[in-house]
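Each remark here refers to the structure printed beneath this line.
The values are calculated or read from the model by the stated rules, or taken from the named source; none is laboratory data. Being a predicted model, the structure only gives us computed values, none of them experimental. Every residue, glycine as well, gets a Cβ built from its backbone with ideal geometry; the counts of neighbours run over all protein chains shown. Remember, those area values only see protein heavy atoms, side chains included, never the ligands or the DNA or RNA. Shrake-Rupley method; radii C 1.70, N 1.55, O 1.52, S 1.80 Å.
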Amino acid sequence: QVQLVESEGGLVQPGGSLRLSCVTSESIIMLYATGWYRQAPGKRRELVATITTGGRTEYADSVKGRFTISRDDAKNTVYLQMNSVKLEDTATYYCNAYRMTDGHYWGKGAMVTVSS
């Protein structure tokens with residue numbers, strides 16, 4: 001089992017910034033990929049950003065140029081820096097890890113609300 005513990009989300013104004021973090025219970029370099037997904041009320045969970053052990057990143061088109069995913073291997077932590085947030089970024093953000101041996105693991109989620 002891989003435990004994922006996210007930082008708390010929060011309330012942020014449109015155009016503002018917020019950083020989410022997620023600590024993994026297993027050495028992050030042993031995980032093929034880590035990342036973030038989000039789910040807005042009434043909508044399906046969607047990919048936000050992922051990063052592989054090799055450092056390859058992938059972003060949803062809706063966040064490209066605004067969000068940045070990064071990883072600190074020494075701290076077993078993956079980050080999501082959210083800049084220039086929009087109302088439509090409001091969602092619960094879930095940390096995700098993919099392990100080749102047994103698949104996906106999820107955090108409990110962090111609520112992010114963008115509102116003025």
Practice prompt. Please state the charge dipole magnitude for the stretch 31-116, taken about the Cα centre, from unit charges on C-beta atoms (+1 on K and R, -1 on D and E), reported in debye and rounded to the nearest 20.
Written response: 120
Worksheet item: Tally Lys and Arg at +1 and Asp and Glu at -1 over the other residues with C-beta under 9 Å from the C-beta of V23: what net charge comes out?
Response: 0
Fill in: Positive-end extreme of charge dipole, the chain - chosen from G54, A91, Y79 (charges on Cβ)
A91
Worksheet item: Relative contact order for the chain using alpha-carbon pairs under 8 Å, separation at least 6, rounded to a whole percent?
Response: 38
Discussion item. Can you order the peptides 2-12, 53-63 by their average number of other Cβ atoms within 10 Å per residue, highest first?
Written reply: 2-12, 53-63
Fill in: In the chain, lysine pairs closer than 24 Å at Cα, eight or more apart or cross-chain
6
Item to complete: May I ask you to give the percent of accessible area on the chain that is carbon plus sulfur, with a probe radius of 1.4 Å?
Response: 48
Worksheet, complete the sentence: Residue span E58 to T101: 0.36 nm per residue of separation minus Cα-Cα distance leaves a gain in nm of 13.3 nm
